[in-house]
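Report on the following structure.
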Amino acid sequence: MSQAVPAGADPELVPPPAEPDASRSMTFFVMVVATLYFGREVLVPVTLALLLSFLLAPLVGLLRRLHLGRVPSVLLAVIFAIGVMVVLGGVIGSQIGQLARNLPQYSTTIEKKVNSVRQYTVHELRRISNVMGRQGTKSGAAPAPAAPAGGTPAGSPQTNGLPGALQNPFIGGSQTHPAATTTPKQVEVVQASSSPLSMIRKYLTPILSPLATFGIVFVVAIFALLQKEDLRDRMIRLVGSSDLHRTTVAIDDGARRLSRYFLTQLCVNSSFGCVIGLGLFFIGVPNPVLFGIFTALLRFVPYVGSLLSALLPMALAAAVSPGWAMVIETAALYLVLEGVTGNFIEPMVYGHSTGLSPFSVIVAAIFWSWLWGPIGLILSTPLTLCLVVLGRHVKRLEFLDVLLGDRPALTPVESFYQRILAGDADEAQDHAELLLKDRPLSTYYDEVALKGLQLAANDAERGVLKRDQLTLIRNTVNFLIEGLDRYNDTPPANAKPDSSHEANAPRDGRALPHNPVPDAAKPETLPPAWQTEAPVLCVAGRGPLDEAASAMLVQLLEKHGIGARITSYQSVSRESIGSLDIEEVRMVCVSYLDISGSPAHLRYLMQRLRRRLPAGIPILVGLWPAEDAALRDERVRAVVGADYFTSSLREAVDACLKAARETPQKAVIAA
């Protein structure tokens with residue numbers, strides 16, 4: 001259906017009709033949430049079973065490597081898991097029973113501490129009241145009049161200053177409320193008859209419901225482990241059958257990562273609970289085994305699990321010890337152990353991050369606990385991690401990684417462009433220094449800065465950027481280049497070739513290669529003609545940002561032992577090229593971010609430079625868009641007439657070093 005255009009309006013300015021994609025997405029989201037909420041009785045056991053299968057998958061794989069076969073390996077792994085859960089349940093039950101029997105013994109200590117806290121509070125409130133009273137007296141406030149001994153003074157709140165006949169009969173009067181004379185009705189409690197069916201429902205349902213859930217979990221886990229490959233094939237069919245190899249590798253890698261993460265998390269939390277139990281035992285808190293198990297379980301809840309698990313042992317310590325030393329020791333045990341585990345052990349075991357942003361973890365905990373209650377709170381992190389892994393490996397679900405993952409939503413190139421567009425040189429330098437930890441300066445300029453400048457050049461060509469915005473971008477890039485001058489164009493000593501796969505690396509950081517850097521030239525090894533202050537002349541193209549690219553090339557050349565200087569496009573125009581200073585020039589480098597098709601102006605620029613320069617001076621053209629026709633078409637290159645064509649700053653530096661080393665005679669003759 002076409003949209004009606006208002007009379008007198010420009011058809012090109014009328015916005016197109018809104019697409020129903022947003023409404024369809026919202027409808028789909030509401031349907032998914034409703035399904036998760038109303039189907040929780042079925043989905044919670046199935047989800048627990050799938051997570052249990054991820055946890056048991058390494059054990060099944062180990063048993064299969066011992067030549068046990070698929071079915072025996074799965075059954076043994078499930079039986080082992082059931083045995084562990086039964087033992088833990090028995091220990092928890094016995095510990096809770098022992099704690100319940102001993103609670104009456106702690107009532108005296110609790111009463112004493114409550115009374116001491118109450119007395120301290122009353123004393124402090126009385127002291128504060130006395131201080132405020134003395135301050136009021138000093139400030140000249142009149143003391144409140146004392147009430148006469150015979151009754152309430154007139155105008156007091158009880159009488160409101162009214163005559164006795166008009167006073168409220170319900171305040172100090174002799175009258176009574178009419179309801180007080182109502183005769184109370186006799187209430188008879190009738191005991192409802194209990195049928196055998198209602199008795200069974202009342203007493204057996206609380207027992208059978210957990211057992212049924214327990215059985216569903218293990219039955220589904222057994223079938224998930226037995227048909228793991230079949231489930232994988234069905235997932236491939238759903239998310240990406242067009243590229244079987246990539247999808248298969250992605251899903252297998254994601255499953256391995258999830259299994260490893262869950263197993264590692266189980267080991268870390270179990271060790272944390274064991275250390276807590278030992279610490280509470282030496283402190284003297286009763287039932288340390290119970291609190292160690294609870295701590296290990298609650299630590300699956302992110303951020304707040306350890307704090308919640310510390311409340312009950314601290315309360316029990318306060319009930320057991322007459323003083324406060326045991327409470328302080330218990331709190332210190334949890335704080336110190338959580339700090340060591342969270343800041344040292346987990347980063348070493350998991351890597352720098354689990355791949356989830358802190359905000360997404362908190363939101364996921366709220367969302368899943370609202371949907372599925374306490375079990376949803378415990379499962380929130382594993383479920384969110386599963387979604388993030390799917391988003392990182394499946395193209396259709398990439399939005400999950402963007403929303404929930406901890407990697408930046410923008411690529412390094414996009415982040416660079418966003419920062420220079422905002423004129424934030426400090427943020428741009430901070431982002432650059434993060435990448436320069438693992439890469440040389442030339443790689444950053446080639447793979448991030450130049451490509452970001454190309455985005456800006458394309459926007460300028462389309463007329464999106466205004467003149468003041470281009471000026472702001474140029475100034476920001478110049479500030480950035482000055483800020484990065486302290487970095488050498490050499491691989492960092494602590495560089496990690498595979499660090500880009502980490503969860504906190506910049507998004508698509510793996511797309512930034514670790515290119516080899518050119519060999520720096522020592523000044524004494526260069527020919528005499530190249531040992532001047534600026535033997536290389538860098539000519540900026542006619543684009544508004546070509547001068548920034550030339551500034552990067554000048555900086556890299558100087559770091560490799562060759563002096564260089566920049567000249568603008570206006571200085572090599574037809575009117576100004578005659579006055580161009582070429583006395584010490586031994587090579588010319590022309591930079592273009594965007595030449596937009598047939599480079600006629602570049603050809604004429606080459607002709608002007610050839611006429612102005614002495615014979616034998618090489619000319620390099622840097623066409624930073626690697627897909628430009630002049631880099632692929634030999635005929636175009638021949639027409640342009642340059643000696644070197646490069647598509648990266650690193651190649652330009654290599655070409656200058658090559659020209660300096662291989663043409664010393666030409667340089668001397670030209671001089």
Test: residue in segment 568-576 that is assigned to a helix (DSSP H, G or I), closer than 23 Å to Arg474 by Cα and open to solvent by 10 Å² or more (accessible area, probe 1.4 Å): yes
The lone exception for Ala521 - which of (1) over 30 Å from Arg392 (Cα atoms); (2) at pLDDT 85 or above it fails: (2)
Inter-residue pairs, beta-carbon under 7 Å, first under 12 Å from Pro322 (Cβ atoms) and in segment 107-126, second part of a helix (DSSP H, G or I), 6+ apart: Thr109/Ala319; Thr109/Val320; Ile110/Ala319; Lys113/Ala318
Restricting segment 403-433 to residues that are open to solvent by 60 Å² or more (accessible area, probe 1.4 Å) and in a helix (DSSP H, G or I), the residue that is farthest from Pro358 (Cα to Cα): Leu421
Selection from segment 91-108 of residues that are among the charged types (D, E, K, R) and either in contact with an Asp or Glu (Cβ under 9 Å, 6 or more places away or on another chain) or surrounded by 11 or more Cβ atoms within 10 Å (Cβ to Cβ) (or both): none
Condition met for Val91 (at pLDDT 75 or above, within 30 Å of Ser53 (Cα to Cα) and outside any loop (DSSP other than H, G, I, E, B)): yes
Segment 72-90 - residue that is touching a residue at least 60 places away in the same chain (Cβ under 8 Å) and over 19 Å from Cys267 (Cα atoms) and, of those, most open to solvent (accessible area, probe 1.4 Å): Leu75
Any hit, segment 64-84, residues being of a type in the set (D, E, K, R) and under 20 Å from Leu385 (Cα atoms): no
Residue list for segment 245-270, restricted to those being out of contact with any Ser or Thr (no Cβ under 9 Å at 6 or more places or on another chain), modelled with pLDDT of 75 or more and β-branched (Val, Ile, Thr): Thr264
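The values are calculated or read from the model by the stated rules, or taken from the named source; none is laboratory data. Remember, it's a predicted structure, so these values are computed and weren't measured experimentally. Glycine also receives a Cβ, built like all others from the backbone with ideal geometry; neighbour counts cover every protein chain displayed. Areas reflect the complete protein model, heavy atoms only, side chains present, ligands, DNA and RNA absent. Shrake-Rupley method; radii C 1.70, N 1.55, O 1.52, S 1.80 Å.
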